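**Q** Can you read through this structure? Questions will come right after.
FYI, it's all coordinate maths here, none of it is from the lab. These numbers were taken from a predicted model, which means no experiment stands behind them.
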Ligand SMILES: Nc1ncnc2c1ncn2[C@@H]1O[C@H](COP(=O)(O)OP(=O)(O)O)[C@@H](O)[C@H]1O
Ligand SMILES: [Mg+2]
C-alpha cells in the first residue's frame, strides 16, 4: 500500500521584512508518496526553498496542515524528529560542514541525533560508500571538488538514516562533472535505496528523472504531473518563467520549420531516436 511521506494542505507563508509582508507561499497542497522522486520546479523567488524549509521544520507553519513521515509539523515537540527523518542538502557546498575532517563532520551529525557511539564508525563507512566517497574519511571537505563536497554533505544526511532527502538546488554551484556525479548519486539513492526524494531545481533537464513534477509559480502550485506532461508543455513553462529542456526546445523549433517529430523528446537520446525515425 502506498504511504504518504509528505502531506501538505493549503500551506501559506509570509515573511515580514522591514515592515512589509511578503507572501511567499499561497495555499500550497502537495503529497509525496513513500519512495517517490518528486521534482519541484520554479523560477527564482517562486517559493521552492520556503516550501522545503517547511518539510524539515526549519520554518514553522503559519497556515495550513503538514505531516512529514507521519509526524505533525505543527507540533514543536516533533521538530527534531522531523529534521532527522527529512534531511536536506543545500545549494552552497561550502556552508555545510562543521568540521575540517570528513569523518568527524559525519560523526558530528550522528552524535547530534544520539547515535550510539559504537555504531558511528560503520554508519560513516556505509554513508561514504553509498555516495561513492569511500577513502575520503581523513580528508578535509574544503579540499574537495564541489561535486565531492555535495556528496559528503549528502553522506552526512544519509548517515542518520532519513526517510526523505531534499536537494535544494544542490547542483547549482557545481561544474558539469560535479552535477553529473551528484545526479547519478541521487538516482541511485532513489533506485537502490528506495529513499523518498525531493529535488528542487531550475535546471529542467534534471527533472527528467522524476516520477512526478510540481511546478511552482509566485508561491502557488501551477501544475503537477509526470515529467513528460510538464516538461514538454512549452507554453505552461513559459508562463512559469522557465525554459523547457533543450530537446523539447528543439522539437518546437523544428515544428516551426515544418518538421514534425512523432513525439516530443525529453532527453538527448529520445531526440536522436525521433530524428533517426524521420531520416529513414
Ligand atoms: N528570509 C526572508 N525574508 C524575507 N523574504 C524572504 C526570505 N526568504 C525568502 N523570501 C522571499 O520569499 C519569496 C520566495 O523565496 P524562496 O522560497 O527563497 O524562493 P525560491 O527558493 O523559489 O527561489 C521570494 O520573494 C523571496 O524574496
Ligand atoms: Mg531557493
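**Q** So how tilted is helix 146-159 from the main axis of the chain? Cα-based, degrees 0 to 90, rounded to 10.
**A** The angle comes out at about 60 degrees.
**Q** Another one. What share of the DSSP beta bridges in the chain is antiparallel, in percent to the nearest 5? Intermediate results must be reported in sequence, preceding the final value.
**A** Numbers: 22 of 40 bridges.
Percentage antiparallel, nearest 5: 55.
**Q** Here is a follow-up. Taking the Cα atoms of region 77-224, report the difference between the largest and smallest coordinate on each principal axis, in whole Å and largest first.
**A** That gives 47, 39, 28 Å along the principal axes, largest extent first.
**Q** Another question about this same structure. Hey, what angle do you get for helix 176-191 against the long axis of the chain, alpha-carbon based, 0 to 90 degrees rounded to 10?
**A** 80 degrees
**Q** Quick one: Cα convex hull volume of the chain, Å³ per residue? Before the final figure, lay out each step's value.
**A** Numbers: hull volume 43.3 nm³, N = 280.
Enclosed volume per residue, from the Cα hull, is 155 Å³.
**Q** Could you tell me the relative contact order of region 220-280? Use alpha-carbon pairs under 8 Å, at least six residues apart, and round to a whole percent. Display every interim value, and only then the final one.
**A** Working: 49 pairs, mean separation 14.9, N = 61.
Here the relative contact order equals 24 percent.
**Q** Find the all-direction average of the projected area of the Cα convex hull for region 10-153, expressing the result in square nanometres with one decimal place. If you can, show how the numbers build up before the last one.
**A** On the way: hull surface 42.2 nm².
Quarter of the Cα hull surface area: 10.5 nm².
**Q** If you don't mind, there's one more thing I want to ask. How high is the relative contact order of region 1-94, in percent, counting Cα pairs under 8 Å that sit 6 or more residues apart? The partial results should precede the final answer.
**A** Details: 150 pairs, mean separation 27.8, N = 94.
That works out to 30 percent.
**Q** Considering Cα pairs under 8 angstrom that are at least six residues apart, work out the relative contact order of the chain and quote it in whole percent.
**A** RCO, the chain: 21 percent.
**Q** Compute the helix-to-body angle for 120-130: its Cα long axis versus the longest principal axis of the chain, expressed 0 to 90° and rounded to tens.
**A** The angle comes out at about 10 degrees.
**Q** Shifting gears a bit: So if I take the centroid of the Cα atoms in region 162-234 and the same for region 82-127, what is the distance between those two points in Å?
**A** 23 Å
**Q** Now for a separate question. For the chain, set up a Gaussian network in which alpha carbons nearer than 10 Å are linked by springs, and say which option among 21, 248, 32 fluctuates the most.
**A** Comparing 21, 248, 32 in the GNM, the peak value goes to 21.
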